[in-house]
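What follows is a single structure, written as structure tokens, with notes after it.
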Amino acid sequence: MPWISFLILALSLAGLWLGTNLSVNNAVKVARHFGLSEFFIGLTIISIGTDLPEMVVSVTGALHRLRGEETSGLIIGNAIGSCLGQMGLALGIAGLFYRLTVDRKDGIRDGVMLGISAFVLMVLASDGMISRVEGMLLVVIFLVYLSVLLSQEKAKNGRVEKISSRQIIWVGFQLMAGLAIVIFSSEWTIKSALSIAIHYDIRQSIIGIFIVGLGTSLPEIAVAVGGIFKGSAGISGGTVIGSTIFDILVPIGVSSGIASLSFDIRIADFDIPYFLIIALLVFSFFITRKGISKLESAIILSLYFFYAWIKLVP
């Protein structure tokens with residue numbers, strides 16, 4: 001029955017959120033133990049941590065594809081939907097509560113990286129397929145970016161919060177428990193989403209963008225808004241930017257490395273360019289206007305809801 005699939009999907013997304021929170025919160029404790037800076041924590045550790053749902057859902061989908069099930073639309077829709085949800089929805093909502101800023105040098109670096117990543121994906125997808133070799137190329141690009149971030153990080157800029165040996169064991173246990181919950185929930189997310197798409201004859205990419213993609217973006221939205229209320233706006237901006245770059249490159253890259261993915265040309269021709277427009281606007285606000293104010297946040301949100309209207313209204 002369709003309502004059972006919706007119920008399972010809702011419970012699975014809740015599981016992804018719970019598991020991610022456990023993983024991220026404990027990863028932050030480890031990072032602060034080594035004195036890493038707040039923006040760096042957001043840009044790397046928390047962003048990758050909050051992307052666990054997208055990552056595991058994509059890998060699970062790729063394994064289903066190896067078994068003969070067509071899941072390309074869900075995998076790609078999940079990644080693109082997460083990017084749009086984070087850049088359009090998470091930053092837009094967070095900016096309504098607090099003026100978000102980034103260092104101009106960091107903004108230029110990350111904006112260029114985001115633009116290059118989206119452009120490379122758009123070019124690779126232009127033939128309607130992401131091969132295993134192309135997928136590995138996407139992963140290599142992200143690893144190069146990550147190595148640049150690590151080389152630029154200076155531990156003395158961060159807040160050191162030492163953890164005792166006993167606490168580290170407990171933190172490690174919670175981290176592993178969070179990962180286990182994410183992996184289990186991702187399997188049922190894929191199964192229920194496929195069931196809904198088949199029952200209602202809806203394109204997998206639409207399910208991926210607006211149900212799975214937005215659902216797996218809840219951790220980023222929660223972290224972005226929560227970081228502001230906890231006085232850690234650097235974590236908010238860094239998390240969304242790092243998470244978006246990760247989503248463009250790694251879930252699709254790793255998944256296509258497992259099993260080549262067919263790519264809906266409509267996504268390459270419309271969805272990715274539309275995302276690029278929002279991303280360029282966001283970084284122009286960061287660089288030229290020194291931050292995102294409430295007015296600019298409203299503009300970003302309007303662009304996201306206009307996109308949703310175009311995609312969902314017949």
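Some points to look at:
- Condition met for residue 228 (touching a helix residue (DSSP H, G or I) at 6+ places or on another chain (Cβ under 6 Å), at pLDDT 90 or above and surrounded by fewer than 24 Cβ atoms within 10 Å (Cβ to Cβ)): no
- Which numbered condition residue 170 misses (of (1) modelled with pLDDT of 75 or more; (2) buried (at least 16 other Cβ atoms within 10 Å of the Cβ)): (2)
- Test: residue in the stretch 56-67 that is at pLDDT below 75 and in a helix (DSSP H, G or I): no
- When the residues of the stretch 24-55 are filtered to those that are assigned to a helix (DSSP H, G or I) and among the aromatic types (Phe, Trp, Tyr), the one that is modelled with the lowest pLDDT is 39.
- Top-ranked residue in the stretch 291-314 [being touching a helix residue (DSSP H, G or I) at 6+ places or on another chain (Cβ under 8 Å) and aliphatic (A, V, I, L, M); ranked as farthest from residue 267 (Cα to Cα)]: 292
- The test for being modelled with pLDDT of 80 or more, over 25 Å from residue 211 (Cα atoms) and small (Gly, Ala, Ser) holds for residue 111.
- Of the residues examined, residue 117 is one that is at pLDDT 90 or above, in contact with a Leu (Cβ under 7 Å, 6 or more places away or on another chain) and of a type in the set (Gly, Ala, Ser).
- Residue 288 fulfils the conditions (1) closer than 30 Å to residue 105 by Cβ; (2) touching a residue at least 60 places away in the same chain (Cβ under 8 Å) except for a single criterion, (2).
- In this structure, residue 186 does not qualify as farther than 19 Å from residue 84 by Cα and modelled with pLDDT of 70 or more.
- Breaking point among (1) buried (at least 19 other Cβ atoms within 10 Å of the Cβ); (2) more than 22 Å from residue 112 (Cα to Cα), for residue 282: (2)
- Test: residue in the stretch 124-137 that is over 20 Å from the mean Cα position of the chain (by Cα) and at positive phi: yes
The values are calculated or read from the model by the stated rules, or taken from the named source; none is laboratory data. Everything numeric here is computed off the predicted structure, so don't read it as measured data. Glycine gets a Cβ as well: all are built from the backbone with ideal geometry, and neighbour counts include every protein chain shown.
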